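Shown next, in structure tokens, is the structure this report addresses.
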Amino acid sequence: MSTVPLTPHFICKYFIVLYWRVWIVYTPEHITMLMSIELILNSVNINFVAFINIIPGKLDGVFFSIFIVAIAAAEAAVAIAIIIKFI
């Protein structure tokens, strides 16, 4: 089984974090802040999945990733509730 090196994962994570920083600076609204937090959670998921390949016996990263996806879904529900309230 060949593993993918960590460099592409880190490059992808770097661009997600860079996009997040630009987004926060130029659009300081509450909904966009919630969406940008979701971007950061996705970059954390990329790290967890990348390090699963390095340490093959540990599946902690999978469980953390599933937990973070559940948090992101709850955050999306809060954002939709805020949008519905103000429309």
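Laboratory data are not the source of any read-out in this text; all were calculated from the coordinates shown. Computed from a prediction, not measured in an experiment: that's the story for all the values here. Reconstructed Cβ throughout: ideal geometry from the backbone, glycine too, with neighbour counts over all protein chains shown.
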Residue within region 43-54 that is out of contact with any Phe, Trp or Tyr (no Cβ under 6 Å at 6 or more places or on another chain), exposed (fewer than 14 other Cβ atoms within 10 Å of the Cβ) and more than 14 Å from Lys13 (Cβ to Cβ) present: yes
Among residues of region 26-74, those that are more than 12 Å from the chain's Cα centre (by Cα) and among the acidic types (Asp, Glu), counted: 2
Residue list for region 18-30, filter: surrounded by fewer than 14 Cβ atoms within 10 Å (Cβ to Cβ) and in contact (Cβ under 8 Å) with a residue 12 or more places away in the chain: Tyr19, His30
Every residue from region 72-87 that is surrounded by fewer than 13 Cβ atoms within 10 Å (Cβ to Cβ) and closer than 19 Å to Ile46 by Cα: Ala73
